[in-house]
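Accompanying notes for the structure given below.
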Amino acid sequence: MKKLIGNDWDEVLDPIFESEKYQQLHDFLKEEYATKQIYPDMYHIFSAFKLTPFAKTKVVILGQDPYHNPGQAHGLSFSVLPGAKLPPSLRNIYKELYDDVGAQPVDHGYLKSWADQGVLMLNTVLTVPYGHANGHQGKGWEMVTDAAIKALSDRGKVVFILWGRFAQNKIPLIDEGKNVIIKSAHPSPFSADRGFFGSRPFSRCNQALAKFGELPIDWQLPKVVELS
């Protein structure tokens, strides 16, 4: 078994990691990292899985692909490294977070504290070239992340937060009899006014977790963070 992650996700995803198609993805990425600026750095590709083990995952916040500018991406969807300017979508997430559960906005965009509580902050594509959004879409990452979504769905008692059409395209992978789906418009400035604001995803998530007998997520981010 290939131990790429270091926790129970390795066993869950082993059939994918051992496949010929994954080896093709690995070879492609090896060339990309050797010849281009790719984000996140190769040591943080699997950060979402490393920080939130399969057995501890209670919530999935699904993004598309990593931020494609320097100093931002570190392997968690919507999250940026400490010191990075807040992306517009994250500013809107913070606004809805305050309106929904009263969580005070912070000056950083480092969302690791959510991951530590069981929120799998997963992008459907885990790498991106500098300045080229969706540049690695269709190269093979989808087989990994689709398998992760399906495995969590089969296990059940997971809240899937799906913002925007791209994330909602994954609904066929999710058993709604075992899990809860919370969907709305994307928090991007282009769509936030069309159904993201006022959607109350964070309180609805905690209500669903309570029905599953799980502890709620403390959505309040720490005021001060250090990279870890």
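Go through region 170-194 and report how many residues are assigned to a loop (DSSP other than H, G, I, E, B) and either under 26 Å from residue 146 (Cα atoms) or of a type in the set (A, V, I, L, M) (or both). It would help to see each step written out before you state the result.
The first filter runs over region 170-194 and keeps only residues assigned to a loop (DSSP other than H, G, I, E, B), leaving 170, 174-179, 185-191.
So of that shortlist, the ones also either under 26 Å from residue 146 (Cα atoms) or of a type in the set (A, V, I, L, M) (or both) come out as 170, 174-179, 185-188, 191.
Qualifying residue count, region 170-194: 12.
Closer than 17 Å to residue 167 by Cα and among the acidic types (Asp, Glu): is that true of residue 65 in this structure? Walk me through it before giving the result.
On the way: closer than 17 Å to residue 167 by Cα: yes; among the acidic types (Asp, Glu): yes.
Judged against the criteria, residue 65 is a match.
Restricting to region 130-161, give me the number of residues that are within 15 Å of the chain's Cα centre (by Cα), open to solvent by less than 10 Å² (accessible area, probe 1.4 Å) and over 16 Å from residue 66 (Cα atoms).
Going through region 130-161 one residue at a time, the tally reaches 7.
For region 1-81, list the helices (runs of 4 or more DSSP H) that sit wholly inside it and hold at least 2 residues that are aromatic (Phe, Trp, Tyr), more than 30 Å from residue 211 (Cα to Cα) and open to solvent by less than 60 Å² (accessible area, probe 1.4 Å); which are they? Even if it seems obvious, please write down each step before you answer.
On the way: elements: 9-17, 20-35, 47-51.
Answer list for region 1-81: 20-35.
Could you tell me whether any residue of region 184-191 is over 19 Å from the mean Cα position of the chain (by Cα), among the aromatic types (Phe, Trp, Tyr), more than 18 Å from residue 58 (Cβ to Cβ) and open to solvent by 20 Å² or more (accessible area, probe 1.4 Å)?
yes
Yes or no: region 174-194 includes at least one residue that is more than 17 Å from residue 120 (Cα to Cα), modelled with pLDDT under 95 and among the basic types (Lys, Arg).
yes
State yes or no: is residue 133 small (Gly, Ala, Ser), at pLDDT below 95 and not in a helix (DSSP H, G or I)? First the steps, then the outcome.
Details: small (Gly, Ala, Ser): yes; at pLDDT below 95: yes; not in a helix (DSSP H, G or I): yes.
When the stated conditions are applied, residue 133 passes them.
If you take the residues of region 88-105 that are at pLDDT 95 or above and part of a loop (DSSP other than H, G, I, E, B), which of them is least open to solvent (accessible area, probe 1.4 Å)?
Among them, the one singled out is 103.
Would you point out the residue of region 104-129, among those that are of a type in the set (D, E, K, R) and within 23 Å of residue 160 (Cβ to Cβ), that is nearest to the chain's Cα centre (by Cα)? Reasoning before the result, please.
Here is the first cut: in region 104-129, the ones of a type in the set (D, E, K, R) are 107, 112, 116.
From what's left, within 23 Å of residue 160 (Cβ to Cβ): 112, 116.
Details: 112: 11, 116: 13 Å.
Filtering region 104-129 for residues that are of a type in the set (D, E, K, R) and within 23 Å of residue 160 (Cβ to Cβ), the one nearest to the chain's Cα centre (by Cα) comes out as 112.
The values are calculated or read from the model by the stated rules, or taken from the named source; none is laboratory data. Predicted model only: the values in this text are computed from it and were never measured. Note: ideal-geometry Cβ built from the backbone for every residue, glycine included; neighbour counts use all protein chains shown. With ligands, DNA and RNA removed, areas are computed over all heavy atoms of the protein, side chains included. Shrake-Rupley method; radii C 1.70, N 1.55, O 1.52, S 1.80 Å.
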